[in-house]
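Note sheet for the following structure.
No lab work stands behind these numbers, since they all come straight from the coordinates. Because the structure is a prediction, the values reported are computed rather than measured. Cβ: placed from backbone, ideal geometry, glycine included. Neighbour counts: every protein chain shown.
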Amino acid sequence: MKIAVAQSRPTIDIENNRQEITHLAEQAAADGARLIVFPEEAMLLAGEFTEPMAAIVEREWLPFETFITDLARLLDLAIVIGGYEPSSSERPHNTLLAIDNDGTIKSRYHKLHLYDAFTYKESDYVTPGGELPPVVELAGVKVGLINCYEVRFPEQARYLIDQGAEILTVSAAWVAGARKEDHWTTLVRARAIENTAWVIAAGTVSDDCVGLSMIVDPMGVERANLGEQPGVAVVDVTPERTEQVRAILPSLKNRRLALTYAVKE
């Protein structure tokens, strides 16, 4: 199946962001993609607003949901995309929507691990989720969802694989900084290699974010990399490649560790 990774340049202008999302999705569909993965802030860049962020999110979230589900249905294209969703507090959730090609919302995942690192504090303006991410079937493929900073937690990716994920998606706004580009490319490739699974990693490109959206195969080979400019890359993501790699590298079958997963309250 052909899968697209989208690299967008979101702003605080939601209408401008919608236009970019539409353009990239149309390009992916024209190239034969059945699923497209967008970055985490594709809906709205967290920035300097003229009103409280919570008020903007309260007003714009449901229209954004309608926009993206209509787009999926129109293009017959499954979509994974990030945005900010109202919560019970003044701090919204950082949410990944997983939408099937018929416009059905299959999952809304609230980011569990917030980016409180490298002097940044996402928890100042985001409410963390309280549940592990889902595995959802999109366009006939079982997809495990990862949101940005969470790519640093290998146990989360392995949990998704153990729950039946056939591919992993990473939606990110990876902040630039010393060694950060190297961390991004290394971590994305590591999640592919250790799980012998395809990883579709979509990143925001901006003055503050590195971009470098990638599609990596189960052997850790980069099949596409969008560098530092907005755009779309489409790759034929095949289960045959996964089977081939797992036949010669059966690390999942070779495990002797019994692991359990739980979220601490």
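For Lys253, a cut-off of 29 angstrom between C-alpha atoms picks up these lysines, skipping any fewer than 8 places away in its own chain: Lys2, Lys142, Lys264. For the stretch 7-12, backbone phi angles converted through the Karplus equation (6.51, -1.76, 1.60; θ = phi - 60°) give residue-by-residue couplings of 10, 10, 10, x, 10, 7 Hz, Gly and Pro being listed as x. Taking a Cβ cut-off of under 12 Å around Tyr120, the surrounding Lys, Arg, Asp and Glu residues balance to a net charge of -2, with basic ones at +1 and acidic ones at -1. Close amide-amide hydrogen proximity is noted between Ile36 and Ala4, Ala78, Ile79, Val80, each under 5 Å apart and 5 or more residues distant or on a separate chain (H modeled in the peptide plane; Pro and chain starts excluded). With N as its number of residues, the chain has a Cα radius of gyration that, divided by 2.2 N^0.38 Å, comes to 0.94.
At full extension, Asp207 and Arg59 could sit 50.6 nm farther apart than now, given 0.36 nm per residue minus the alpha carbon distance.
Between Ala46 and Ala30, the contour length at 0.36 nm per residue exceeds the Cα-Cα span by 2.7 nm.
Quick one: helix 180-195 against the long Cα principal axis of the chain, what's the angle to the nearest 10°, folded into 0 to 90? For 180-195 against the chain, the angle is about 50 degrees. Report the far tail of the P(r) of the stretch 71-217, meaning the percent of Cα-Cα pairs longer than 20 Å. That fraction is 47 percent.
Nearest 10 degrees, 0 to 90: what angle lies between the long axis of helix 14-30 and the longest principal axis of the chain (Cα atoms)? Roughly 30 degrees, rounded to the nearest 10.
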